Amino acid sequence: MDKEQVVYYPTEFLNSLNPPGMPPHILNLKVVSSIMLLRDLDPPKLCNGVRFCVSKLMANVIQATILTGNTKRKSVFIPRIPLILSDMPFEFKSLKFPVRLAFAITINTIQD
């Protein structure tokens, strides 16, 4: 972002943006939280949509256990990566974890 454009976009406004495909500005995680990957990092093991269970939280890395797919129960590290959005009137770049909290619902139905 140019120095002239900084005046037009206050920090509070930029923090309030939640574009699709981007993780939230504030990501509150705890150990044993269920998270989902938003970007392909290392296909086919770390692909978009894979769910994890958080094992350990560090400053720039999340250690997690894979919950779905062929590599179930393997421990992996998820780093912070630069995420760039170009479909805005300005270039939006941030260094974030490419994950989002994942929620699951189980529905049991009886078929007649």
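The values are calculated or read from the model by the stated rules, or taken from the named source; none is laboratory data. These numbers come from a predicted model, not from an experiment. All Cβ positions, even for glycine, are placed from backbone atoms using ideal geometry, and neighbour counts span all protein chains on display.
What number of residues within region 32-65 are of a type in the set (Val, Ile, Thr), assigned to a loop (DSSP other than H, G, I, E, B) and either within 17 Å of Lys93 (Cβ to Cβ) or touching a residue at least 40 places away in the same chain (Cβ under 8 Å) (or both)?
Total satisfying the criteria: 0.
Can you tell me which of Val76, Val54 is of a type in the set (Val, Ile, Thr) and farther than 28 Å from Leu14 by Cα?
The match here is Val76.
Would you mind finding the one in Leu29, Leu83 that is in a strand (DSSP E or B), touching a residue at least 40 places away in the same chain (Cβ under 8 Å) and surrounded by 10 or more Cβ atoms within 10 Å (Cβ to Cβ)?
Going through Leu29, Leu83 in turn, just one is in a strand (DSSP E or B), touching a residue at least 40 places away in the same chain (Cβ under 8 Å) and surrounded by 10 or more Cβ atoms within 10 Å (Cβ to Cβ): Leu83.
Check Ala64 against each of (1) farther than 16 Å from Pro23 by Cα; (2) modelled with pLDDT under 95; (3) not hydroxyl-bearing (Ser, Thr, Tyr) and name the one condition it does not meet.
If we test Ala64 against (1) farther than 16 Å from Pro23 by Cα; (2) modelled with pLDDT under 95; (3) not hydroxyl-bearing (Ser, Thr, Tyr), just (2) comes out false.
Scan region 32-59 residue by residue and report those that are surrounded by fewer than 13 Cβ atoms within 10 Å (Cβ to Cβ) and either in contact with a Pro (Cβ under 9 Å, 6 or more places away or on another chain) or not charged (D, E, K, R) (or both).
Across region 32-59, the qualifying residues are Val32, Pro43, Pro44, Gly49, Met58, Ala59.
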